[in-house]
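Take a look at the structure set out below.
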Amino acid sequence: MKIERAIISVSDKSNLSELARCLKEFNVEILSTGGTKRYLDGIGVNTVEVSSYTGFPEIMDGRVKTLHPKVHGGILNIRDNTEHQAAMKIHSIKHIDMIVVNLYPFKEVISKGCTFEDAIENIDIGGPSMIRAAAKNFKFVTVVVDPEDYPKVIESIKTNNGETTEELRFFLARKVFHLTSDYDKAIHNYLSEIKR
């Protein structure tokens, strides 16, 4: 699948510049938010604010920014399903071909000691929703949750003229479900120790 549009939203920006520059080299439109957008714009990889794409502003202190049909429809649509593509056209939804996300650092925050309120605010909602959607639709969407996989993704894009292989997309999708399972387990374990 040729990557034409990507969402990048990461808390860990390790090695991100190389991947972002590779995407720009292949004329990929990058959608982003908050600190990631500022970082990418700062290194000369200009991005589009997700709220500009959706036509809906971030609300509730950033709790709601990527939870939108134009985001999830763009990720989840089956590219060779004519009904899905008709819905895309009717609702002015564009394909989103890549998701690069790592989640709020819940485990790191609680390991340092924090208030209950800070722990709750570090439970990521939009990130897991996007990466699970992309992993479900790995046939068409590349999802990257681990900076250590950036070199593999870059190599695939460069070797395949802007595309990734289905084999790589399946490998990356499996990592998503391992990550979200571990993430939810950490939240469950933390909440299980709280007396309310």
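When restricted to residues that are surrounded by 17 or more Cβ atoms within 10 Å (Cβ to Cβ) and either over 15 Å from Arg21 (Cα atoms) or without any contact (Cβ under 8 Å) to a residue 24 or more places away in the chain (or both), the stretch 147-162 contains 2. All of Arg21, Arg38 fail the test of being free of Cβ contacts under 8 Å to residues at least 24 places away in the same chain and assigned to a helix (DSSP H, G or I), apart from Arg38.
Filtering Val71, Val45 for residues that are part of a loop (DSSP other than H, G, I, E, B), touching a Ser or Thr at 6+ places or on another chain (Cβ under 8 Å) and in contact (Cβ under 8 Å) with a residue 24 or more places away in the chain leaves a single hit, Val45. If you go through the stretch 164-196 and pick out every residue that is touching a helix residue (DSSP H, G or I) at 6+ places or on another chain (Cβ under 7 Å) and either among the acidic types (Asp, Glu) or not in a helix (DSSP H, G or I) (or both), you end up with 3. You will find that of Gly55, Gly62, the residue that is at pLDDT below 90, under 18 Å from the mean Cα position of the chain (by Cα) and of a type outside the set (Phe, Trp, Tyr) is Gly62 and no other. Among the residues in the stretch 79-99, are any basic (Lys, Arg) and touching a helix residue (DSSP H, G or I) at 6+ places or on another chain (Cβ under 9 Å)? Yes, the stretch 79-99 contains a residue that is basic (Lys, Arg) and touching a helix residue (DSSP H, G or I) at 6+ places or on another chain (Cβ under 9 Å).
In the condition set (1) in contact with a helix residue (DSSP H, G or I) (Cβ under 6 Å, 6 or more places away or on another chain); (2) at pLDDT below 90, Glu108 is compliant with all but (1). Restricting attention to the stretch 78-100, the residues that are polar (S, T, N, Q), in a loop (DSSP other than H, G, I, E, B) and at pLDDT 90 or above total 1.
The values are calculated or read from the model by the stated rules, or taken from the named source; none is laboratory data. What you see is a predicted model; the values in this text were computed from it and never measured. Glycine gets a Cβ as well: all are built from the backbone with ideal geometry, and neighbour counts include every protein chain shown.
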